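Working notes for the structure below.
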Amino acid sequence: MAYLTQGELMKTGTLSTLFCFLISISAFASEDPRLLQKLREARFSLSDAIGYAQKTSGPATSAKFEMDGNDLVFSVYTTPQGLEAPAEDADLSEIAGPATALPIQGKSEVFADSAHLKRASTHLTLMQLSRYSLTQVIQLALKTQDGMAYSVKNPTVRDHRALADVSILTADDTVVTVSVNLLTGKTLCRGIK
């Protein structure tokens, strides 16, 4: 699968930056405040976690930082057989581990339960359609809104478009969700949490 080059990525979406800038409010109303506080303790970026997971277990289809009890952890869904494998033949898995320690280390789990398999199959299908890797999706979102990307979970179809929502924590503790069209790379500030 051919992804876009760095130069091609630089050409996409600048009007969204202004749009996202104009609509910012406090994040703490709807996001887990423990997660937002702990994100500052992460020792690596979400893109770093994706890179680790891809070296360990194949292409990434979604990723996030989340709380596991009182601990900040990373979670990356992968497909070890690659993006060319049909969902029914692919092992859909998760690499997860602590986000507050270096070097990055995680454990792999192949999904067996129905809910995870359905969700991961959708992620796989949308990333198979995408011209962008998950890391490139984050780069596109960060061109629209500065901050710390902490979630690219649940790529979905909305309004007949394949989208990935990237949650970004800004320097002033605002959470901005930037939707990235997986086919065109266009970004839209979907809302502030």
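Among the listed residues LEU129, LEU182, which satisfies the condition of being over 20 Å from GLU66 (Cα atoms), open to solvent by 30 Å² or more (accessible area, probe 1.4 Å) and hydrophobic (A, V, I, L, M, F, W, C)?
The match here is LEU129.
Checking the conditions here, which among THR144, THR61, THR122 is within 21 Å of SER179 (Cα to Cα) and open to solvent by 10 Å² or more (accessible area, probe 1.4 Å)?
THR122
Restricted to the range 147-177, and to residues that are part of a strand (DSSP E or B) and of a type in the set (S, T, N, Q), which residue is surrounded by the fewest Cβ atoms within 10 Å (Cβ to Cβ)?
Checking each candidate, the answer is THR156.
When you check ALA115 against the structure, is it of a type outside the set (S, T, N, Q), outside any helix (DSSP H, G or I) and surrounded by fewer than 17 Cβ atoms within 10 Å (Cβ to Cβ), yes or no?
No: the conditions fail for ALA115.
Return the only residue of ALA96, ALA87 being modelled with pLDDT of 90 or more and either within 13 Å of the chain's Cα centre (by Cα) or not acidic (Asp, Glu) (or both).
Answer to the selection: ALA96.
Are any residues in the range 64-82 touching a helix residue (DSSP H, G or I) at 6+ places or on another chain (Cβ under 7 Å) and buried (at least 18 other Cβ atoms within 10 Å of the Cβ), and if so, which ones?
If the condition is that a residue be touching a helix residue (DSSP H, G or I) at 6+ places or on another chain (Cβ under 7 Å) and buried (at least 18 other Cβ atoms within 10 Å of the Cβ), then PHE65, LEU72, PHE74, VAL76, TYR77, THR78, THR79 are the ones that fit.
Which count do you get for residues in the range 75-101 that are in a loop (DSSP other than H, G, I, E, B) and either touching a His at 6+ places or on another chain (Cβ under 9 Å) or aliphatic (A, V, I, L, M) (or both)?
7
What are the residues in the range 143-193 that are among the small types (Gly, Ala, Ser) and in contact with a Ser or Thr (Cβ under 6 Å, 6 or more places away or on another chain), if any?
Those that are among the small types (Gly, Ala, Ser) and in contact with a Ser or Thr (Cβ under 6 Å, 6 or more places away or on another chain): GLY147, SER151, SER167, GLY185, GLY191.
Return the total of residues in the range 39-58 being crowded, with 18+ Cβ neighbours inside 10 Å, assigned to a loop (DSSP other than H, G, I, E, B) and modelled with pLDDT under 95.
1
Please tell me if GLN128 is of a type in the set (S, T, N, Q) and modelled with pLDDT of 95 or more.
The answer is no for GLN128.
The values are calculated or read from the model by the stated rules, or taken from the named source; none is laboratory data. Here the structure is a predicted model, which means the values were calculated and not measured. Positions of Cβ are backbone-derived with ideal geometry, glycine not excepted, and every protein chain shown enters the neighbour counts. In case anyone asks, the SASA skips ligands and DNA or RNA and just uses the protein heavy atoms, side chains included. Shrake-Rupley method; radii C 1.70, N 1.55, O 1.52, S 1.80 Å.
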